[in-house]
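The values are calculated or read from the model by the stated rules, or taken from the named source; none is laboratory data. None of these values were measured; they are calculated from a predicted model. Cβ coordinates were reconstructed from backbone atoms using ideal geometry, including for glycine residues, and neighbour counts include every protein chain displayed.
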Amino acid sequence: MENGNGPEQARELFRRYQGSRVLMHREGVLKQYGGFEISAEQETQWLQEIVAEGIAALSIRDWEAISLLEAVSKHYQDPVMVEKAASFASRNILSADSVVRMMYAESLVGILRSNKKVLTRELLFSACRIAVQILEHVIAQPLVIDPGHELGQLGLKDKRALNSRAKQSIEEIEKLLN
């Protein structure tokens, strides 16, 4: 270890880059992180903490927590992440505005894509059904945007573009199920 606070520095780096060695490499800190010689078991524990915090932070006001879970899912698969995110969505997300619903649904699809190999068919189908339900509501319901949210945050100009993007996500879900 480089010094007495090495494990804490390693933990901070790991969390900042959501456990992604690719991101650490891009930012030029992978060598520094590697010098701490953190065990795979410790990294798994840290990832589980990040996932638990992301699940606890899920909100209908924004998509930060679900985006974090999607980022982590690219290199750490956990059926609990899918189960909890889908469960939250089924209970809460339909009362969110159109932008949050869209971002949430897209992130859920990303999480499903990354976790597909570790999911039971039942959980995959259930979570896909929830994502499709959210996307169908985006398409069918009038455009509702809360203060601070804009279609521009999604790179979209109007309701038609939002609906088109929702349909693309539904098509992606169909591919996941085949």
*Filter the stretch 1-42 down to residues that are crowded, with 17+ Cβ neighbours inside 10 Å and in contact with a helix residue (DSSP H, G or I) (Cβ under 7 Å, 6 or more places away or on another chain), then give me how many there are.*
12
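Do you know which residues across the stretch 11-25 are under 21 Å from the mean Cα position of the chain (by Cα) and not in a loop (DSSP other than H, G, I, E, B)? Walk me through it before giving the result.
Within the stretch 11-25, the first condition is being under 21 Å from the mean Cα position of the chain (by Cα), and the residues that meet it are 11-24.
If the condition is that a residue be under 21 Å from the mean Cα position of the chain (by Cα) and not in a loop (DSSP other than H, G, I, E, B), then 11, 12, 13, 14, 15, 16, 21, 22, 23, 24 are the ones that fit.
Would you say residue 80 is surrounded by fewer than 17 Cβ atoms within 10 Å (Cβ to Cβ) and either on the phi > 0 side of the Ramachandran plot or β-branched (Val, Ile, Thr) (or both)?
It is true that residue 80 is surrounded by fewer than 17 Cβ atoms within 10 Å (Cβ to Cβ) and either on the phi > 0 side of the Ramachandran plot or β-branched (Val, Ile, Thr) (or both).
Anything in the stretch 45-102 that is among the aromatic types (Phe, Trp, Tyr), in contact (Cβ under 8 Å) with a residue 40 or more places away in the chain and part of a helix (DSSP H, G or I)? List them, or say none. Steps first, please.
We begin by selecting, within the stretch 45-102, every residue among the aromatic types (Phe, Trp, Tyr); these are 46, 63, 76, 88.
When the remaining residues are screened for being in contact (Cβ under 8 Å) with a residue 40 or more places away in the chain, the result is 63, 76.
Selection gives nothing.
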_Just checking, does the stretch 107-118 include any residue being farther than 26 Å from residue 18 by Cβ and over 16 Å from the mean Cα position of the chain (by Cα)?_
no
*asked:* Take the conditions of a type in the set (A, V, I, L, M, F, W, C) and farther than 23 Å from residue 43 by Cβ and apply them to residue 100. Does it pass?
replied: yes
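Would you confirm, using the coordinates I've provided, whether residue 117 is surrounded by fewer than 17 Cβ atoms within 10 Å (Cβ to Cβ) and in a helix (DSSP H, G or I)?
Working: surrounded by fewer than 17 Cβ atoms within 10 Å (Cβ to Cβ): yes; in a helix (DSSP H, G or I): yes.
In short, yes.
What do you reckon, is residue 150 at pLDDT below 95, over 16 Å from the mean Cα position of the chain (by Cα) and surrounded by fewer than 15 Cβ atoms within 10 Å (Cβ to Cβ)? Can you show your working first?
Details: at pLDDT below 95: yes; over 16 Å from the mean Cα position of the chain (by Cα): yes; surrounded by fewer than 15 Cβ atoms within 10 Å (Cβ to Cβ): yes.
When the stated conditions are applied, residue 150 passes them.
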_Counted residues, the stretch 125-178 - those being acidic (Asp, Glu) and closer than 15 Å to residue 95 by Cβ_ = 1
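Against the condition touching a Phe, Trp or Tyr at 6+ places or on another chain (Cβ under 7 Å), modelled with pLDDT of 95 or more and over 25 Å from residue 120 (Cα atoms), how does residue 58 come out, does it pass? Don't jump to the end; show me each part of the working.
On the way: touching a Phe, Trp or Tyr at 6+ places or on another chain (Cβ under 7 Å): yes; modelled with pLDDT of 95 or more: yes; over 25 Å from residue 120 (Cα atoms): no.
No.
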